[in-house]
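> Mind having a look at this structure? Questions to follow.
The values are calculated or read from the model by the stated rules, or taken from the named source; none is laboratory data. Keep in mind it's a predicted model, so treat the numbers as computed, not measured. Here the Cβ is made from the backbone with ideal geometry for all residues, glycine too, and neighbour counts use every protein chain on show. Keep in mind that these areas ignore ligands, DNA and RNA; they rest on the heavy atoms of the full protein, side chains included. Shrake-Rupley method; radii C 1.70, N 1.55, O 1.52, S 1.80 Å.
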Amino acid sequence: MSFDVLQDKIRAMKNPTVVGLDPKPEYVPPQMRKECYDQYGETLEGAAEAIYRFNCGLMDALCDIVPAVKPQAAYYERLGWRGMEALERTIRYAREKGFFVIADIKRGDIGSTAQAYSDGWLGKTKVGSAERTAFDADCVTINGYMGSDAIQPFIETCKAEDKCLFVLVKTSNPSSGELQDMVAGDRVVYKVMGDLTERLGRGTAGRYGFHLTGAVVGATYPSDLRELRRRLEHTFFLVPGYGAQGGTAEDVQYAFNKYGHGAIVNSSRGIMCAWQKTGRVGSDYQQAARDAAVAMRDDIKQFVTIV
């Protein structure tokens, strides 16, 4: 699925939101955790099953109002192979529910290793005379700061499979400026990375004019976000940092073009953990997540009109 498919979903729902499925076991409502621990014990298997059930419940509640989900691989890797199995099942369930799936893997390597990551997350693996999919996400995040060798294998897989990717350009974390704001020649480093991302995507623009190489640009630096939107008109943005990290709807408006196209805004804890603020001990976690997603959508609508 290319960025055209994602933009179609955003337009249909009038909602440029992606829900980060980044769950810790303690984010799962107590009764659901208890059921899984009673069945599997307080084990990695029990935690992985609780997270999977929680994910499915969230997706059931959100599938008609949110276009995309973004599971962060680290939260599953910390549970070993059981967690990775839960991630694979989560991605499969998300696709069944009609979500656009962004696997937040932030891989960064070169040559055959980058190709192996690309095959596993986006493409196919040859097994004997057959080709098999593994995670089969629609899109991934990658770290391109090793240069084009780390990006190109993903681009080739995306071309073959009609998929897409986001390259880290200007991230939302407080220390991003230690490297990304350094001057390199006549440009700062994050602009160099943004220019590289757009250049590598040339020739792949879809119906909405966006290349298959997107960029991660944080909401916590709105002036940089605005500058990059002007600079990278053919690059689709994934915008973290809204909500818990301090980014606002007023900040994220700068990620969109004049048609309200070209960006999707992430929220993780704000939606997953909305039940923790209702005082009902998680019995209403689905409704709480839905209410939080609607509130985020309406907040962004004050500043962004999608046509």
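> With a probe of 1.4 Å, find how much accessible area the chain has per residue, and write the answer as a whole number in Å².
Accessible surface, normalised per residue, equals 43 Å².
> Turning to a different aspect of this structure: Roughly to the nearest percent, how much of the accessible area of segment 2-51 is carbon and sulfur, given a 1.4 Å probe?
47 percent
> Suppose every Lys and Arg Cβ carries +1 and every Asp and Glu Cβ carries -1, with no other charges. What dipole size does segment 116-188 come out with about its Cα centre, to the nearest 20 debye?
100 debye
> Also, quick follow-up: Divide by every residue of the chain the summed helix terms, -39500 (n - 2.57) for each DSSP H run of at least 4, and state the resulting mean residue ellipticity at 222 nm, rounded to the nearest 500 deg cm²/dmol.
Mean residue ellipticity at 222 nm (helix-derived): -13000 deg cm²/dmol.
> For segment 7-86, just run the numbers: alpha carbon Rg, then divide by 2.2 N^0.38 Å, N being how many residues it has.
1.21
> Let me understand segment 169-307 better: what is its radius of gyration from the alpha carbons, and its Dmax, in angstrom?
Taking only Cα atoms of segment 169-307, I get Rg and Dmax of 16.7, 56 Å.
> If packing is taken as the average count of other Cβ atoms within 10 Å, what order do 71-78, 156-163, 4-11, 176-183 fall into, highest mean first?
4-11, 71-78, 156-163, 176-183
> What are the equivalent ellipsoid semi-axes of segment 242-307, built from the alpha-carbon gyration tensor (square roots of five times its eigenvalues), in whole angstrom, biggest first?
So the equivalent ellipsoid measures 26, 11, 8 Å along its semi-axes.
> I would also like to ask the following. Quick one: of K70/K191; K9/K97; K14/K170; K9/K124; K9/K301, which pairs are farther than 18 Å apart, Cα to Cα?
K70/K191; K14/K170; K9/K124
> Given 0.36 nm per residue, what is the gain on full extension from T278 to T305 after removing their alpha carbon distance, in nm?
Roughly 6.7 nm would be gained on extension.
> Something else: Taking all protein chains as present, what is the carbon and sulfur share of the accessible area of segment 177-307, in % to the nearest whole number, probe 1.4 Å?
47 percent
> Under a Cβ-Cβ cut-off of 13 Å, what is the net charge of the residues other than I300 that fall near it, where Lys and Arg count +1 and Asp and Glu count -1?
-1
> With every protein chain present, what accessible area does W121 have (1.4 Å probe, heavy atoms only), rounded to the nearest 10 Å²?
Approximately 10 Å² of W121 is accessible to the 1.4 Å probe.
> To continue, here is another question. Along the principal axes of its C-alpha atoms, what lengths does segment 67-178 span, in descending order and rounded to whole Å?
Here the spans come out as 45, 29, 27 Å, largest first.
> Among the DSSP beta bridges whose two residues both lie in the chain, what percent are antiparallel, rounded to the nearest 5?
Close to 20 percent.
> Distances longer than 34 Å among the Cα atoms of the chain: what percent of all pairs is that?
Cα-Cα pairs of the chain separated by over 34 Å account for 19 percent.
> Could you check how much of the accessible area of segment 113-154 is carbon and sulfur, as a whole percent, using a 1.4 Å probe?
48 percent
> About the Cα centre of the chain, how large is the charge dipole given +1 on each Lys and Arg Cβ and -1 on each Asp and Glu Cβ? Please answer in debye to the nearest 20.
It comes to approximately 520 debye.
> Given an 8 Å cut-off on Cα distances and at least 6 residues of separation, report the relative contact order of the chain as a percent.
Once normalised by length, the contact order is 19 percent.
> Can I ask one more? Let me check something: with ligands and nucleic acids excluded, how do S112, S172 order by accessible area (1.4 Å probe), largest to smallest?
Sorted descending by solvent-accessible area, the residues read S112, S172.
> Would you mind calculating the gained length between R95 and R231 on full extension (0.36 nm times residue separation, minus the Cα-Cα distance), in nm to one decimal?
That works out to 45.7 nm of additional length.
> Now for a separate question. With helices defined as uninterrupted DSSP H runs, which ones in the chain have an alpha carbon span along their own long axis of at least 18 Å and mean Kyte-Doolittle hydropathy of at least -1.0?
Length and hydropathy pass: 44-62, 285-301.
> Compute the normalised compactness of segment 95-147: alpha-carbon radius of gyration over 2.2 N^0.38 Å, N being the residue count.
1.24
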